[in-house]
1. I need every pair where a residue in segment B:134-152 that is more than 8 Å from chain A (Cβ to nearest Cβ) has its Cβ under 7 Å from the Cβ of a residue that is exposed (fewer than 15 other Cβ atoms within 10 Å of the Cβ) and modelled with pLDDT of 95 or more, sequence separation at least 6 or different chains.
2. Quick test of your reading of the structure: B:Ala38 fulfils all but one of (1) within 17 Å of the chain's Cα centre (by Cα); (2) modelled with pLDDT of 95 or more. Name the failing condition by number.
3. In segment B:58-73, how many residues are of a type in the set (S, T, N, Q), over 12 Å from B:Ala121 (Cβ atoms) and at pLDDT 90 or above?
4. Please go through segment B:103-124 and give me each residue that is open to solvent by 70 Å² or more (accessible area, probe 1.4 Å) and of a type in the set (Asp, Glu), ordered by number.
5. Scanning for something more than 9 Å from DNA strand D (Cβ to nearest atom) and among the hydrophobic types (A, V, I, L, M, F, W, C), does segment A:97-104 turn up at least one residue?
6. So A:Val127 clears everything in (1) open to solvent by less than 30 Å² (accessible area, probe 1.4 Å); (2) within 10 Å of chain B (Cβ to nearest Cβ); (3) among the aliphatic types (A, V, I, L, M); (4) within 16 Å of DNA strand D (Cβ to nearest atom) except one condition, right? Which one?
7. Only residues that are within 8 Å of DNA strand D (Cβ to nearest atom) and either out of contact with any Leu (no Cβ under 9 Å at 6 or more places or on another chain) or among the hydrophobic types (A, V, I, L, M, F, W, C) (or both): list them for segment B:77-96, please.
8. Which of the numbered conditions does B:Gly113 fail, given that it passes all the others? Conditions: (1) outside any helix (DSSP H, G or I); (2) more than 21 Å from A:Gln20 (Cβ to Cβ); (3) in contact with a helix residue (DSSP H, G or I) (Cβ under 9 Å, 6 or more places away or on another chain).
2 protein chains.
Amino acid sequence: MATGSAAKKQAPEPLVVLEQFLPYRINVLAGLTSSALAQIYADRYGLSIPAWRVIVTLGQYENRTARDMAPDGVMHKSTVSRAVAALEKRGLVVRRPNLDDRREEWLALTPEGRAIYEAVAPEALAVEERLLSVLTPQEQATLAALIDRLTRQARLLAPQDGVEAQT
Amino acid sequence: MATGSAAKKQAPEPLVVLEQFLPYRINVLAGLTSSALAQIYADRYGLSIPAWRVIVTLGQYENRTARDMAPDGVMHKSTVSRAVAALEKRGLVVRRPNLDDRREEWLALTPEGRAIYEAVAPEALAVEERLLSVLTPQEQATLAALIDRLTRQARLLAPQDGVEAQT
DNA sequence: CGCCAATCGTTGCCTGTGCAACCAATACCA
DNA sequence: TGGTATTGGTTGCACAGGCAACGATTGGCG
């Protein structure tokens, strides 16, 4: 089996080459982009990733419930809960009870929250743009489509989101 | 200013649409693939992501130092340190002092470690394959190339050092 | 109508990990 | 040669976030 102890200290038979393993490469890319963005929304505005997502979602939809912040279970509900609590304490988000269903609450940006949103969003978009600047528009579209298909497939392979469905 | 308060409770002017924001989508995909893989190496073999990476790297290169486990600062050195310590305690990895430079130590898989490697690796590859099964070989190559270019670019935009792994 | 199940959101607990300070060993250089 | 800078690796500290149990409310079905 294999080449014994020749060449360059390669193990008997390398089954996985990490640098070519797709999940690894996606994770590395995700980490790098997160890190690039964190320079902006964390360092400069004191926003965590969950907080940033809440802000952006509310900037997009005006008012939403906490559950809507994590459309596909992308964030855990406890994560959302704490992010919203922090934003509320900072006066960036307000809650109004939903009188039709008092289990949930409406969330919305305060003027201060919207101000931050309008400051951070363009900067985030600028980072995205610099990132994508190495791809042609054509390639960007291709990438988006591929990511979509992979994401759909990954959702099938990942553990069901209804994990907490059983009491 | 835009359409006022028409339609569907859209905010004044949505600057960022989260679902189309590339860093977000990459992060979501990364999270899903990690989650799919975690079913295997975490649930079934009790390996964290850092531990998995150490095992794979050692399966690939026989012996390496701890620093080699994180080629581009992909993992923080403290993360590697603790992962190695845990693997050593479980008897999956051994350390030999490097007499030429006693600051570092050589790492290698024990027979038990290699056994786990040989059990986990094929399963991980199977997940990758199921993931990629929605793409043609052509598309897979395209994706790999695009990810590479994005990763290179992201490395320029990210702060020179710390990047972390998704859980 | 009444009871059980499901849903929204919060919180205590615990693990993982980034950060920075630190130790030991080596490299660099005047 | 001696002193300082660098590097490999570890560890205390703090904090984020997943999990699960919980309270409150609502829905569904007999």
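The values are calculated or read from the model by the stated rules, or taken from the named source; none is laboratory data. Every value quoted in this text rests on a predicted model; they were computed, and no experiment measured them. FYI the Cβ positions are ideal-geometry reconstructions off the backbone, even for glycines, and counts take in every protein chain you see. Just the protein is used for accessible areas: all its heavy atoms, side chains included, with ligands, DNA and RNA removed. Shrake-Rupley method; radii C 1.70, N 1.55, O 1.52, S 1.80 Å.
1. none
2. Among (1) within 17 Å of the chain's Cα centre (by Cα); (2) modelled with pLDDT of 95 or more, the lone unmet condition for B:Ala38 is (2).
3. Final tally of qualifying residues: 1.
4. Of everything in segment B:103-124, those that are open to solvent by 70 Å² or more (accessible area, probe 1.4 Å) and of a type in the set (Asp, Glu) turn out to be B:Glu105, B:Glu112, B:Glu118.
5. No, that holds for no residue.
6. It is condition (4) that A:Val127 fails.
7. Those that are within 8 Å of DNA strand D (Cβ to nearest atom) and either out of contact with any Leu (no Cβ under 9 Å at 6 or more places or on another chain) or among the hydrophobic types (A, V, I, L, M, F, W, C) (or both): B:Lys77, B:Ser78, B:Val80, B:Ser81, B:Arg82, B:Val84, B:Ala85.
8. Of (1) outside any helix (DSSP H, G or I); (2) more than 21 Å from A:Gln20 (Cβ to Cβ); (3) in contact with a helix residue (DSSP H, G or I) (Cβ under 9 Å, 6 or more places away or on another chain), only one is false for B:Gly113: (1).
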